[in-house]
Amino acid sequence: MTDAFVDFAKLNRSMKRIDSIMISSNCRKIYRLEIIYSCVANMVKAIHCTGEDELLAGLIHYIDEDDRNNTIYRALDLK
């Protein structure tokens with residue numbers, strides 16, 4: 001069905017649309033940010049479990065479950 005649409009629309013498969021490239025690039029950025037976020041969040045949770053919260057100055061927000069969305073999806077400029 002895709003081939004039929006490509007033929008009907010006379011699309012050139014060798015050319016990528018710019019928005020497709022930008023989306024792909026932003027997906028890579030999100031993926032990298034999620035890895036970094038997950039590592040830091042896991043470290044903060046492990047330290048919090050030991051009771052040494054004085055080491056977590058400025059990082060305690062990582063314990064909040066809603067923080068992941070706020071940090072990852074709102075921190076990136078997806079223009």
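Net charge near I47: determine it from the other residues with C-beta under 13 Å of the C-beta of I47, scoring Lys and Arg +1 and Asp and Glu -1. Don't jump to the answer; show the numbers that get you there.
Working: positive: K45; negative: E52, D53, E54.
Taking every Cβ under 13 Å from that of I47, the sum is -2.
Taking K and R as +1 and D and E as -1, what net charge do the other residues with C-beta under 14 Å from the C-beta of G58 add up to?
Here the charged neighbours net out to -4.
Working out 0.36 nm times the residue gap between R74 and I35, then minus their Cα-Cα distance, what length gain in nm do you get to one decimal? The partial results should precede the final answer.
Values: separation 39, 0.36 × 39 = 14.04 nm, distance 1.59 nm.
Computed gain between R74 and I35 is 12.5 nm.
Here, each number is a calculation from the coordinates, and none is a lab measurement. Here the structure is a predicted model, which means the values were calculated and not measured. Positions of Cβ are backbone-derived with ideal geometry, glycine not excepted, and every protein chain shown enters the neighbour counts.
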